[in-house]
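Participant: I have a structure I would like to understand better, so I am pasting it below and will then ask my questions one at a time.
Any read-out appearing in this document is the output of simple, stated calculations on the displayed coordinates, not a laboratory observation. Nothing here was measured: the structure is a model prediction, and the numbers come from that model. With ideal geometry, Cβ positions are generated from the backbone for all residues, glycine too; neighbour counts draw on all protein chains shown.
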Amino acid sequence: MSLKSSSDSSVYFYKFIVNHQVFFKSKYSYALVNLKPIVPGHVLVVPLRTSALRLADLSGPESIDYMNTLQLVHKFIETHYKADSLNIAIQDGPEAGQSVPHLHTHIIPRFATDNYGDAIYSKIEKLDLYSQFEVRRRSFVEASTNGSKLVVKADEDRIPRTDEVMKSEADRLRAEIGKYITENNIQVDI
């Protein structure tokens, strides 16, 4: 596990060096702050190997490390941002909306008060009328129809953040995930 700044070796997201955006790095994966986040805490988990374009391109050890990194960052972001839920999204291939030819997973904090704003739910929704999850989902959808909807700006309307702003956020999250790992006695393979 590497919690220090990634300036000692170059980390790439596709063909872009993202050292200053990285806040966590494991043996085969890393997490970085997003250039154009939808909400605060919107981060990405990415394999270090740039030739891993899609999920199925990961080797066995890379897959295990990637999932472990996703779960760690999931728990950390949810705790750090006090989120009620998270969107975890992989757009696996250009027809699925993947815009960068390097596997990456979006982790997006969600809150009961942010209302129903992701149209993707209607496409992937399957009702389980008896589960606690479904009760929470219905409550959330009902609340959103009574309040204002979260309007997410289109990608072209979100302004990219500066390297300085992203480095500052990555530095802060690097320190916080280090504390989180220590306080929760989490073992991370490097």
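Participant: What whole-number distance in Å separates the alpha-carbon centres of the range 13-52 and the range 57-86?
Facilitator: 12
Participant: Testing the spin-label approximation: label points 7 Å from Cα along Cα→Cβ at Arg49 and Glu164. State their distance in nm.
Facilitator: 3.9
Participant: Using a 10 Å cut-off on Cβ atoms, rank the peptides 53-60, 41-48 from the highest mean neighbour count down.
Facilitator: 41-48, 53-60
Participant: Still on this structure, I have one more. Pairs Lys75/Lys179; Lys15/Lys75; Lys27/Lys82: which exceed 18 Å Cα-Cα?
Facilitator: Pairs exceeding the cut-off: Lys15/Lys75; Lys27/Lys82.
Participant: How high is the FRET efficiency between Lys75 and Lys15 when r is their beta carbon distance and R₀ equals 45 Å, given to the nearest 0.05?
Facilitator: Once rounded, the FRET efficiency stands at 0.90.
Participant: Sticking with this one: Using a 10 Å cut-off on Cβ atoms, rank the peptides 177-185, 29-37 from the highest mean neighbour count down.
Facilitator: Descending packing order for the listed peptides: 29-37, 177-185.
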